[in-house]
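> Sending over a structure as structure tokens; questions will come in a sec.
The values are calculated or read from the model by the stated rules, or taken from the named source; none is laboratory data. Source: prediction; values computed, not measured. Cβ atoms come from the backbone with ideal geometry, glycine included; neighbour counts cover every protein chain shown. Heavy atoms of the whole protein, side chains included, go into the accessibility calculation; ligands, DNA and RNA do not. Shrake-Rupley method; radii C 1.70, N 1.55, O 1.52, S 1.80 Å.
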Amino acid sequence: MIMQMNAFIKNLQTPIAIVGMGKSGEAARRLLIQAGITPNSIVTFDAKLISANFQDPTILMAQVQPRTLIVSPGVPLATPWIALARQQGVRITSELSLACSFLTTEKLIGVTGSVGKSTTVSLLGAGLQAFSSSSFVGGNLGTPFADYAADIVEEKRPPADWVVLELSSYQLENCENLNLNYGAITYFSPNHLERYSDLEHYYKTKWTLLNHTQSSVFLNKNGGDLVSYSQTHPALSSQIPLRIVSKHDPELASLNLTKALLIGEHNQDNLALASALALAAGWPHSAIEAMKSFRGLAHRLENLGEHKGIRFINDSKATAMESVLIATAAAHSTLSSGGTLHLLLGGRDKNLPWENLSTLTGFSPISFTFFGECREIAQKKSRLPGSAFTQLHEALDALKAQARPGDTILLSPGGTSLDEFKSFEDRGGFFKNAATSW
């Protein structure tokens, strides 16, 4: 299989340009060099990073004339200069495809979805820790897959028995070598409509997971638009059965999944999906028990505990309306008697349907505080009452005068962090520091 990868590498015409130098781009460069491509045959492009060789695509294409573009997921393939390069015969591939070409005996699980995919992947990862000494969990979450492949080439680790990959819609646009044993889709709801032409385009991209799966694809029964979409868009092959999973399925009853440590009914759905997949894959019962003991991910309904009698929940990762609705329901269910839920909404807009949040007034008692670049858009479209502030710290300062012991403050913003912070992790870290210094 390694010889096949060598052939794959040799078929990548040089010069090679890596487009987008985040974690994915850096991992791709490392793997190319380890696989035998000379460093002077590789150039880097990033419009925002001065450390990249090129920031202007016109200069890149004129001076270097690359024959292969390795495009990072965050860079749309519809970008005019990339689309033109493809028309002119330049090969377009990805970090994920490079990594997949190195696989030998590994069994792969891929998870996608509008929300819930990171938690589901992490649940599966917790299950693997109970019985596997060589597994790998990464992709869109955590470590890029090319770093795993580079470690194999450098003989820093053995091949994994199981690989679990979180797959974004962006990654599924450009993954020619992806070949999964099992797949799972957690949820369909509007997201990333700033990148896709319409909702059908976005859902269809997620649905291409079926194209890359050999065996069953597991669908969350409570996955928003997912089940209805599956009914009008059947599996592409009768060889790929779709399995709709509910937390009430009889085969899961004996697992006592309600004893899990995760907060929220939606996480019971994520756990059921992961458990059904684990059973189908032949994992031991210890894996299920390990998943039940998983406490959750940072910045995703992360319970920060109480400070001066006020509970703080960090859901900074929530950049979709459905995520906000789910988080609000989960946080409201934990309220102390007589307490109020204070919801922080804002950030940068992604052209999403803020009007879907109008139903949140039903979670009484609840108050809304808007912040960030999209504060006016979010409040106008959602028609929710509340104060609005330019930055998150101003919103938190205002809440200091309002919140009382027994209340809960939930950061589940709906918008991205890039108006004020480097990332959702940076925003969540700021919120954590504010909570501890309350």
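> Looking at Gly296, is it modelled with pLDDT of 95 or more and under 22 Å from Ser168 (Cβ atoms)?
Answer is no for this residue.
> Moving on to the next point. Test His201 against the criterion of being part of a loop (DSSP other than H, G, I, E, B) and modelled with pLDDT of 95 or more, and give yes or no.
Spelling it out, it is not the case that His201 is part of a loop (DSSP other than H, G, I, E, B) and modelled with pLDDT of 95 or more.
> With respect to Ala130, determine if the residue is at pLDDT 95 or above, over 24 Å from Gln214 (Cα atoms) and either open to solvent by 20 Å² or more (accessible area, probe 1.4 Å) or not aliphatic (A, V, I, L, M) (or both).
Yes.
> Give segment 408-425 a look and list any residue that's out of contact with any Lys or Arg (no Cβ under 8 Å at 6 or more places or on another chain) and open to solvent by 10 Å² or more (accessible area, probe 1.4 Å), or say none.
Lys422, Ser423, Glu425
> Condition first: at negative phi, in a loop (DSSP other than H, G, I, E, B) and open to solvent by 40 Å² or more (accessible area, probe 1.4 Å). Now tell me which residues in segment 238-266 satisfy that.
Ser238, Gln239, Pro241, Lys247, His248, Leu261, Ile263
> Take Glu306 and decide whether it is of a type in the set (Asp, Glu) and touching a residue at least 60 places away in the same chain (Cβ under 8 Å).
No: the conditions fail for Glu306.
> Thr104 is checked against (1) over 14 Å from Cys175 (Cα atoms); (2) buried (at least 23 other Cβ atoms within 10 Å of the Cβ) and fails just one. What number does that condition carry?
With respect to (1) over 14 Å from Cys175 (Cα atoms); (2) buried (at least 23 other Cβ atoms within 10 Å of the Cβ), Thr104 is out only on (2).
> In segment 173-195, what residues are touching a helix residue (DSSP H, G or I) at 6+ places or on another chain (Cβ under 8 Å), at pLDDT 95 or above and either over 23 Å from Ile92 (Cβ atoms) or surrounded by fewer than 22 Cβ atoms within 10 Å (Cβ to Cβ) (or both)?
Result: Glu173, Asn174, Asn179, Tyr182, Gly183, Ala184, Ile185, Thr186, Tyr187, Phe188.
> Only one residue in Ser118, Ser97, Ser132, Ser114 is touching a residue at least 60 places away in the same chain (Cβ under 8 Å), farther than 16 Å from Gly22 by Cβ and touching a Phe, Trp or Tyr at 6+ places or on another chain (Cβ under 7 Å), so which one is that?
Answer to the check: Ser114.
Condition check ((1) assigned to a helix (DSSP H, G or I); (2) crowded, with 21+ Cβ neighbours inside 10 Å) across all residues:
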{"residue": "Leu344", "(1), (2)": "no, yes"}
{"residue": "Lys350", "(1), (2)": "no, no"}
{"residue": "Asn356", "(1), (2)": "yes, no"}
{"residue": "Ala378", "(1), (2)": "yes, yes"}
{"residue": "Ala395", "(1), (2)": "yes, yes"}
{"residue": "Pro405", "(1), (2)": "no, no"}
{"residue": "Arg427", "(1), (2)": "yes, yes"}
{"residue": "Trp438", "(1), (2)": "no, no"}
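> Taking the options Thr68, Thr79, name whichever one is among the polar types (S, T, N, Q), within 30 Å of the chain's Cα centre (by Cα), buried (at least 20 other Cβ atoms within 10 Å of the Cβ) and modelled with pLDDT of 95 or more.
Going through Thr68, Thr79 in turn, the sole match is Thr68.
> Tell me, please, whether a residue that is assigned to a helix (DSSP H, G or I), modelled with pLDDT of 95 or more and of a type outside the set (Ser, Thr, Tyr) can be found in segment 302-312.
no
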